[in-house]
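Take a look at the structure below.
Derivation of every value follows stated rules applied to the coordinates shown; laboratory data play no part. Quantities reported herein were computed from a predicted structural model and do not represent experimental measurements. Note that each Cβ is placed from the backbone with ideal geometry, even for glycine, and that neighbours are counted across all protein chains shown.
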Amino acid sequence: MYWTYTAGDMRATASSTCSGGESQDPELLRRLLRAKDKMDAASHEAWPVQRLARVSGVSEAHFARSFKQAFGVPPHRYLLTRRIERASALLRDTELPITEIAFQTGWESLGTFGRTFRDITGESPSAVRARARAAAHELGRVPACIVSAAHRPDLTIAVSEKRRRAADDINDASQSKEMQ
């Protein structure tokens, strides 16, 4: 898979290939990019696969499969990444209350926002804000685009899978203590 980076945004080129070596249709890639651009422009909105498929002009199953093949992540995980990225920027750059940031970035529940944010970034929203304020004077000389790229969340596995692994680690640790 060949990638180009434009303004900190992953874009698949027309020469992208799937793991089997077959090339994706450039017209399909344009349609997928159209849906991805819509998600980027309005990441605070609900973007079920049905709506994204309609924007792309393909079936839901074909859209979901092709999106993951082209961009390396499923549509929902991509949307989560964009929402957390936007929330991190708002936490860093504004004085808005965390509740307001949660709702502005598309979360319907403050609890879900906080839990998902912590699962993805490893820190609570308030901890991210405190760390950003403490480090603000050190980052004054670094271009904003570099700072944004460095703070982009990395969602290589699903949030639910992260939670399951963390629960397994806790269970394994408690079982080890019981055996001793």
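Points to keep in mind about this one:
- Over segment 33-95, relative contact order from alpha-carbon pairs under 8 Å, at least 6 apart, %: 29
- Label sites at L96 and H44, each approximated as a point 7 angstrom past Cα along Cα to Cβ, lie 0.6 nm apart.
- Exposure proxy order (Cβ contacts within 10 Å, fewest to most) of H44, H76: H44, H76
- Were the residues from A173 through E161 laid out at 0.36 nm apart, the gain over their Cα-Cα distance would be 2.5 nm.
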